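The values are calculated or read from the model by the stated rules, or taken from the named source; none is laboratory data. Here the structure is a predicted model, which is why all the values come from computation and not from measurement. Cβ placement follows ideal geometry from the backbone for every residue including glycine, while neighbour counts extend to all protein chains displayed.
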Amino acid sequence: MNFSRRRFLQTSSACAASGLAFAYQKQAAGQTKKVAPSDRVRVGVMGAGGRALSLINSFARNNEVEVVAIADLDANRLPKGLEVAKKLQGESVRGESDFRRLIDDRSIDALVVGTPDHWHAIPTILACQAGKDVYVEKPDGHNIVEGMRMVAAMQKHKRIVQMGSQHRSTKRLQSAIEFVRSGKLGRCLVAKAWESSRQGPIGFPADEKVPAGVDYDMWLGAAPKRPFNRNRFHGRWRWFYDYGTGDLGNDGVHRLDMAIALLNAACQAQGDDPVGLPRTIFANGGKWYFDDAQEFPDTLQANYEFGDETARKLLTYEMRIWAPYPYLGKSEGSAVFGDKGYIVVGNSGWTAYGNRGEQLARGEGNSSEVPHVQNFIDCIKSRNRPYCDLETVGHTASVLCHAGNIAARVGRKLTLDPTTETFVNDQEANRLRTRPEYRKPWLLPEV
């Protein structure tokens with residue numbers, strides 16, 4: 001690492017307890033504190049547009065970070081990322097077309113992966129094997145097997161891996177968790193997560209020539225070779241099985257993760273075990289509204305049942321991405337229901353209600369990724385688990401997304417073995433846990 005070993009050994013604060021307050025103190029102070037170059041975490045970013053550009057902004061603003069290099073296989077996007085990083089940190093940033101040069105650079109401490117879903121697993125695993133920590137966007141991988149392999153890599157190589165479900169590090173969600181943990185909602189058995197925010201159709205554009213400056217073959221990666229189509233590229237790739245995980249893995253992963261965090265806080269208050277992975281998953285819905293090229297459902301309800309006969313819990317996810325109105329006052333959100341009240345959490349605050357509809361408490365806050373980035377940096381230095389640690393938090397939320405999509409595709413109730421993360425006596429569902437084939441040379445690395 002390039003930050004000083006003495007500083008590393010002296011760092012002892014727990015990221016999960018005091019890290020959030022520390023992050024907000026630095027954020028409130030504008031992060032004007034001088035940090036010696038030897039104490040900065042040197043970062044390489046994979047991607048220069050979309051989520052990656054936002055992450056470049058957040059990492060480059062952090063005085064404890066030096067963004068060293070940015071890799072993007074689209075030469076049309078790379079200059080903007082380099083410009084933003086240089087403007088914010090006042091230092092030139094190296095541009096690369098191949099992310100493997102970031103992996104090979106021994107001076108880089110951490111890799112930030114802001115790519116489409118099908119490009120999450122391979123770079124994360126290679127970075128862990130190269131001794132780098134990783135911040136990877138959600139969901140963890142394109143499928144269940146990829147996520148399991150990512151967790152195995154971080155375990156084997158003892159790396160810090162933060163999944164980019166930034167709500168975990170917000171003051172808003174942390175305060176909601178604390179309220180639920182107080183037990184004021186009573187005995188909680190049911191949670192809900194939803195998307196009720198209208199998105200538009202993507203049509204049926206024709207295939208066309210690959211844009212100049214784009215390494216399209218590399219963009220496809222492990223996915224099958226196909227002609228270039230703007231629907232299957234920047235911004236719209238998420239609606240196709242080869243590359244994305246639909247809106248369940250796009251926005252739904254946030255709502256599901258928030259619901260799990262709240263449900264586990266309720267479990268703690270009432271003396272139950274954490275919910276872990278679900279026992280059964282059932283989903284129904286489909287392409288019922290938009291007439292376009294999307295492959296994933298635009299209408300979906302997924303039910304996840306947790307626990308045994310003595311302590312069962314139910315989480316329901318609802319997706320209506322054609323609805324122009326909110327649900328429970330939030331266009332997208334999460335809720336937990338108890339026998340004394342319930343709580344509704346959105347992107348800008350939360351409200352708890354009693355059994356007569358009276359307001360019990362409320363909290364505010366935004367969904368900024370700044371504290372999530374700071375939590376990652378703090379944990380690189382302390383070696384404590386971050387708020388959205390891949391092994392214990394991020395992978396669980398990702399499995400919910402993948403399992404919900406699989407249940408919708410096969411059209412039946414699935415039983416999950418939480419130890420092997422396989423579906424019991426269901427060959428068709430298990431085939432969907434991974435790709436039919438990884439296109440060479442982009443095979444999933446062994447761990």
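Looking at segment 272-295, can you tell me whether even one residue there is surrounded by fewer than 22 Cβ atoms within 10 Å (Cβ to Cβ), in the same structural domain as residue 332 (by TED's automatic domain parsing) and part of a helix (DSSP H, G or I)? There is no residue in segment 272-295 that is surrounded by fewer than 22 Cβ atoms within 10 Å (Cβ to Cβ), in the same structural domain as residue 332 (by TED's automatic domain parsing) and part of a helix (DSSP H, G or I).
Taken together, the residues in segment 193-235 that are over 23 Å from residue 147 (Cβ atoms) and part of a loop (DSSP other than H, G, I, E, B) amount to 27.
Scanning segment 395-435 for residues that are farther than 13 Å from residue 245 by Cβ and among the aliphatic types (A, V, I, L, M) returns 407, 410, 414, 416, 424, 429.
Mind checking whether some residue in segment 387-403 is in a loop (DSSP other than H, G, I, E, B) and either crowded, with 20+ Cβ neighbours inside 10 Å or modelled with pLDDT under 95 (or both)? Step through it out loud before you land on a result.
Taking segment 387-403 and keeping what is in a loop (DSSP other than H, G, I, E, B), we get 387-388.
Applying the additional criterion that residues be either crowded, with 20+ Cβ neighbours inside 10 Å or modelled with pLDDT under 95 (or both) yields 387-388.
Taking every residue of segment 387-403 in turn, at least one turns out to be in a loop (DSSP other than H, G, I, E, B) and either crowded, with 20+ Cβ neighbours inside 10 Å or modelled with pLDDT under 95 (or both).
Kindly provide the set of residues from segment 79-99 that are of a type in the set (Gly, Ala, Ser) and touching a Lys or Arg at 6+ places or on another chain (Cβ under 8 Å), ordered by number. Lay out the reasoning, then the answer.
Residues of segment 79-99 of a type in the set (Gly, Ala, Ser): 81, 85, 90, 92, 95, 97.
Answer for segment 79-99, where residues must be of a type in the set (Gly, Ala, Ser) and touching a Lys or Arg at 6+ places or on another chain (Cβ under 8 Å): just 92.
Taking the conditions (1) out of contact with any Ser or Thr (no Cβ under 9 Å at 6 or more places or on another chain); (2) at pLDDT below 95 in turn, residue 204 satisfies each one other than (2). Only a single criterion out of (1) within 21 Å of the chain's Cα centre (by Cα); (2) in a helix (DSSP H, G or I); (3) closer than 19 Å to residue 128 by Cβ is not satisfied by residue 381, namely (1). Kindly check whether there is at least one residue in segment 252-260 that is surrounded by fewer than 23 Cβ atoms within 10 Å (Cβ to Cβ) and of a type outside the set (Asp, Glu). For segment 252-260, residues surrounded by fewer than 23 Cβ atoms within 10 Å (Cβ to Cβ) and of a type outside the set (Asp, Glu): absent.
Going through segment 168-190 one residue at a time, which ones are under 20 Å from the mean Cα position of the chain (by Cα) and outside any loop (DSSP other than H, G, I, E, B)? Talk me through it step by step, then tell me what you get.
First pass over segment 168-190, keeping only residues under 20 Å from the mean Cα position of the chain (by Cα): 168-174, 176-177.
Result: 168, 169, 171, 172, 173, 174, 176, 177.
Check segment 312-319 and report whether any residue there is within 25 Å of the chain's Cα centre (by Cα) and outside any strand (DSSP E or B). Write out each step before concluding.
Start the filter on segment 312-319 by keeping residues that are within 25 Å of the chain's Cα centre (by Cα), which leaves 313-319.
Right, trim to outside any strand (DSSP E or B) and you get none.
No, the conditions are met nowhere in segment 312-319.
Of a type in the set (Val, Ile, Thr) and either over 23 Å from the mean Cα position of the chain (by Cα) or under 28 Å from residue 169 (Cα atoms) (or both): is that true of residue 280 in this structure? So residue 280 does not fit the description; no.
Regarding residue 102, is this residue without any contact (Cβ under 8 Å) to a residue 60 or more places away in the chain and surrounded by 16 or more Cβ atoms within 10 Å (Cβ to Cβ)?
Taking the combined requirement at face value, the residue satisfies it.
What number of residues within segment 321-351 are within 26 Å of the chain's Cα centre (by Cα) and either within 20 Å of residue 178 (Cα to Cα) or assigned by TED's automatic domain parsing to the domain that holds residue 112 (or both)?
Looking only at segment 321-351, we keep the residues that are within 26 Å of the chain's Cα centre (by Cα), and these are 321-337, 342-351.
With either within 20 Å of residue 178 (Cα to Cα) or assigned by TED's automatic domain parsing to the domain that holds residue 112 (or both) added as a condition, the list becomes 333-337, 342-351.
So the answer is 15.
Taking the numbered list (1) modelled with pLDDT of 95 or more; (2) buried (at least 18 other Cβ atoms within 10 Å of the Cβ) in turn, residue 307 passes all entries but (1).
Kindly establish whether residue 122 is farther than 20 Å from residue 41 by Cα, at pLDDT 95 or above and assigned by TED's automatic domain parsing to the domain that holds residue 62. Yes. Considering 311, 266, the condition of being without any contact (Cβ under 8 Å) to a residue 60 or more places away in the chain, in the same structural domain as residue 416 (by TED's automatic domain parsing) and not basic (Lys, Arg) is satisfied by 311 alone. Tell me, which residue of segment 352-378 that is assigned to a loop (DSSP other than H, G, I, E, B) and farther than 17 Å from residue 59 by Cα is nearest to the chain's Cα centre (by Cα)? It comes out as 366.
Taking each residue of segment 204-217 that is in contact (Cβ under 8 Å) with a residue 60 or more places away in the chain and looking for partners that are surrounded by fewer than 10 Cβ atoms within 10 Å (Cβ to Cβ) and not small (Gly, Ala, Ser) with beta-carbon atoms closer than 9 Å, six or more apart or interchain, yields 204/291.
Of all residues in segment 361-377, which are more than 30 Å from residue 45 (Cα to Cα) and in contact with a helix residue (DSSP H, G or I) (Cβ under 8 Å, 6 or more places away or on another chain)?
Hits for segment 361-377 are 361, 363, 364.
Of the strands (runs of 3 or more DSSP E) entirely within segment 78-163, those holding at least 3 residues that are more than 16 Å from the chain's Cα centre (by Cα) occupy 94-96.
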